[in-house]
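The values are calculated or read from the model by the stated rules, or taken from the named source; none is laboratory data. These numbers come from a predicted model, not from an experiment. Using ideal geometry, Cβ is built from the backbone for each residue, glycine included, and neighbour counts are taken over all protein chains shown.
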Amino acid sequence: MKSDALRGHLDALLLAVLDGGPLHGYAIIEALQARSGGALDLPTGTVYPALRRLETAGLVVSDWSTVGGRRRRTYKLTRTGQKALAAERTAWREFTTAIEGVLGGGPWPTRA
């Protein structure tokens, strides 16, 4: 998938993955890849700065944990992040409906 296609949607994608519960950074990358059928294979250099930006904005919080002897930063949605995700999902539905109306090839509406 072209990286240009993700422009403006990365934050919403990250919030959506975290809606399922707290995850560490690499697990977020794996979840994006799995849920997109492999179409989204984002580098850490894209995901981690976005997670920091979301944390600064108060949409996610992070905490350090130790798993299998390794320290990992785990991210989870805040209440504000849940509200932002709901708004993003609504905006996405409206956008895709509008685009489908144009690209879907359906009949043109008639003017009265």
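For residue 12, the criteria (1) modelled with pLDDT under 90; (2) in contact with an Asp or Glu (Cβ under 6 Å, 6 or more places away or on another chain); (3) small (Gly, Ala, Ser) hold in every case but one, which is (1).
Would you tally the residues in the stretch 44-65 being exposed (fewer than 10 other Cβ atoms within 10 Å of the Cβ) and not in a helix (DSSP H, G or I)?
So the answer is 1.
Conditions tested, residue by residue: (1) exposed (fewer than 12 other Cβ atoms within 10 Å of the Cβ); (2) of a type in the set (Ser, Thr, Tyr); (3) touching a strand residue (DSSP E or B) at 6+ places or on another chain (Cβ under 7 Å).
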residue: 67; (1), (2), (3): yes, no, no
residue: 77; (1), (2), (3): no, no, yes
residue: 83; (1), (2), (3): no, no, no
residue: 86; (1), (2), (3): no, no, no
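Of the numbered conditions (1) within 15 Å of residue 13 (Cα to Cα); (2) surrounded by 14 or more Cβ atoms within 10 Å (Cβ to Cβ), residue 72 fails exactly one; give the number of that condition. Tallying (1) within 15 Å of residue 13 (Cα to Cα); (2) surrounded by 14 or more Cβ atoms within 10 Å (Cβ to Cβ), residue 72 fails exactly one: (1).
Of all residue pairs spaced 6 or more apart or on separate chains, none has beta-carbon atoms under 6 Å together with a first member in the stretch 87-112 that is outside any helix (DSSP H, G or I) and a second member that is modelled with pLDDT of 90 or more. Can you confirm whether residue 39 is in contact with a helix residue (DSSP H, G or I) (Cβ under 9 Å, 6 or more places away or on another chain), assigned to a helix (DSSP H, G or I) and of a type outside the set (Val, Ile, Thr)? Considered against the rule, which asks whether it is in contact with a helix residue (DSSP H, G or I) (Cβ under 9 Å, 6 or more places away or on another chain), assigned to a helix (DSSP H, G or I) and of a type outside the set (Val, Ile, Thr), residue 39 comes out as no.
Only a single criterion out of (1) part of a helix (DSSP H, G or I); (2) at pLDDT below 95 is not satisfied by residue 34, namely (2).
Inspection of the stretch 66-77 identifies at least one residue that is within 22 Å of residue 6 (Cβ to Cβ) and modelled with pLDDT of 95 or more.
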